[in-house]
Amino acid sequence: MNTTKQACVVGGVTLPRPFKVRRLGHFGINVHDPEVSRHFYEKLLGFRISDVLDFGGRLPEEEMARHGPHVGYFARHGTEHHSFVFFPRRVLNAVYGFPADYPEVVTNQITWQVGSLREVVDGHDWFVKKEMRIQRSGRDLPGSNWNVYPFDPDGHVNELYYGIEQVGWNGQSKPYSMHKVRYTRPPDLPHPSEYAEVQACVREGIDGSTGWQQHEAMPETWNVDGVLLGRPYKVTRVGPVRLFVQDMEQSLRFYRDELGLMITEEVVWNGHRCVFLRANTEHHSLALYPMALRAELGLNPHATLFSFGMQVANYQQLRDAVAFLKNQGVTIKMLPPELFPGIDYCAFALDPDGFAIQLYYYMEQVGWDGRPRPAALRPVIDPQHWPDTVPAASDSFLGETYLGPWS
């Protein structure tokens, strides 16, 4: 139980900590070869590259060559600069020794959105006073998001941020020439708005149309609910994150007591205690599983990442996504539905590194009383036999809404 005293005021509301996580914002993994991963995430799943990060020059050229590709990618499924990133694991290990203490941590970041810049700054100071281990803080470029990065007990890097650069109708990100200052600590408040920053760059003559622009990587031949797309489905939301952890109570003290996520439900499956936490009204945005369960499920034995979720627009698109990916040679795993309360039908696509991407279409919503739907009222799922259609639930198509056109 959370015993943190309510001593902080956030926007006029008294809370136990000086910030409130609103949602899972974006996520990142460190991969063996980003060029191979790019085919999977860009062409097959439909993410668009919004920027690149070249780690070249951070080691002598001859040494860098021994570690494979040195370019990482920021990718988006909507208008936010990035909702998913994949970076070169071998280069990061060589340059930063990351994650030397946690060799099975393949997550680059687990990123949580708060409501204001003040919450980021006050959250940073709060973490410092509590002597929590922080990787870095300041402002990320590209992306323009103010942040602080605390570690969880297993070495997963979490991030608090309050806003991120938006990519508009022309599909271009902010050019690097507009990244004027590299912040390595939270700013003094108040800070000029991003609009004011951009206008100052325009007055200096910087051309805002020179940023990265990504075009559709596949021919748009699929009729997807009336829109021609490059694949028969559209990813409309990212998350949840599923992690294997060494010590459940220790992990809960971080995610529940320090970050303020709320426990929605606990499940015991084959003797394994699994805990599901939410940030908003979704049943869960984070799920924690004991490390002992990893081998039993036949998942990547060298990663603490169980899976990362990607929600598609509807049930028909989920069926079409599974068929499409199988046809492209992607391995699809079906796992016990008891491990995913709040989600009914789902499938796991394995990326080139063997990391599991959970594809689903529905997430149960939790109302004002904080209670999930009783298990007895949930549909019985046979992962090997999916019906052609599913009946509507009281919260079908509810939750976070995708903004903007699909392409």
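Looking across segment 40-59 at every residue that is over 16 Å from the mean Cα position of the chain (by Cα) and farther than 18 Å from Gln213 by Cβ, the one that is surrounded by the fewest Cβ atoms within 10 Å (Cβ to Cβ) is identified as Gly57.
Residues are listed down the side, and each one gets a yes or a no for (1) touching a helix residue (DSSP H, G or I) at 6+ places or on another chain (Cβ under 6 Å); (2) over 27 Å from Gln311 (Cα atoms):
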| site | (1), (2) |
| --- | --- |
| Pro153 | yes, yes |
| Pro192 | no, yes |
| Val198 | no, yes |
| Thr236 | no, no |
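Yes or no: segment 26-46 includes at least one residue that is modelled with pLDDT of 95 or more and at positive phi. It would help to see each step written out before you state the result.
First pass over segment 26-46, keeping only residues modelled with pLDDT of 95 or more: 26-46.
So of that shortlist, the ones also at positive phi come out as 46.
Yes: segment 26-46 contains one or more residues that are modelled with pLDDT of 95 or more and at positive phi.
Inside segment 346-365, residues that are surrounded by 22 or more Cβ atoms within 10 Å (Cβ to Cβ) and more than 18 Å from the chain's Cα centre (by Cα) make up a count of 1. Answer with yes or no whether Val85 is outside any loop (DSSP other than H, G, I, E, B), at pLDDT 95 or above and closer than 29 Å to Gly46 by Cβ. Yes: the conditions hold for Val85. Residue count for segment 344-396, restricted to those that are in a loop (DSSP other than H, G, I, E, B), within 20 Å of Arg319 (Cα to Cα) and of a type in the set (Gly, Ala, Ser): 3. Taking first residues from segment 184-204 that are assigned to a helix (DSSP H, G or I) and partners that are of a type in the set (A, V, I, L, M, F, W, C), the Cβ contacts under 8 Å between residues at least 6 apart in sequence or on separate chains come to Glu197/Met178; Val198/Met178; Cys201/Met178. Look at Thr184 and say whether it is modelled with pLDDT under 90, more than 22 Å from Leu403 (Cα to Cα) and touching a Pro at 6+ places or on another chain (Cβ under 6 Å). So Thr184 does not fit the description; no.
Here is a yes/no grid of residues against (1) in the same structural domain as Gly309 (by TED's automatic domain parsing); (2) among the polar types (S, T, N, Q); (3) farther than 30 Å from Glu62 by Cα:
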| residue | (1), (2), (3) |
| --- | --- |
| Val105 | no, no, no |
| Gly115 | no, no, yes |
| Val120 | no, no, yes |
| Arg133 | no, no, yes |
| Asn145 | no, yes, yes |
| Lys174 | no, no, yes |
| Pro187 | no, no, yes |
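When Val105 is tested against (1) out of contact with any His (no Cβ under 8 Å at 6 or more places or on another chain); (2) at pLDDT 95 or above; (3) aliphatic (A, V, I, L, M), just one condition goes unmet, and that condition is (1).
Which residues, counting only those in segment 277-310, are of a type in the set (A, V, I, L, M, F, W, C) and either within 21 Å of Gln113 (Cα to Cα) or free of Cβ contacts under 8 Å to residues at least 12 places away in the same chain (or both)?
First pass over segment 277-310, keeping only residues of a type in the set (A, V, I, L, M, F, W, C): 277, 279, 286-288, 291-293, 295, 297, 299, 303, 305-306, 308, 310.
Once the filter is applied, which keeps residues that are of a type in the set (A, V, I, L, M, F, W, C) and either within 21 Å of Gln113 (Cα to Cα) or free of Cβ contacts under 8 Å to residues at least 12 places away in the same chain (or both), segment 277-310 yields Leu277, Ala279, Leu286, Ala287, Leu288, Ala295, Leu305, Phe308, Met310.
Being free of Cβ contacts under 8 Å to residues at least 60 places away in the same chain and either within 30 Å of Gln250 (Cβ to Cβ) or hydrophobic (A, V, I, L, M, F, W, C) (or both) is a description that does not apply to Val167. In segment 147-161, the count of residues that are among the β-branched types (Val, Ile, Thr) and closer than 25 Å to Gln113 by Cα is one or more.
Of the candidates Gly205, Gly239, Gly138, the single residue that is among the small types (Gly, Ala, Ser) and assigned by TED's automatic domain parsing to the domain that holds Gly260 is Gly239.
The values are calculated or read from the model by the stated rules, or taken from the named source; none is laboratory data. The model shown is predicted, which means the values in this text are computed figures rather than measured ones. Because the Cβ atoms are built from the backbone with ideal geometry, glycine has one as well, and the counts that use them run over all protein chains shown.
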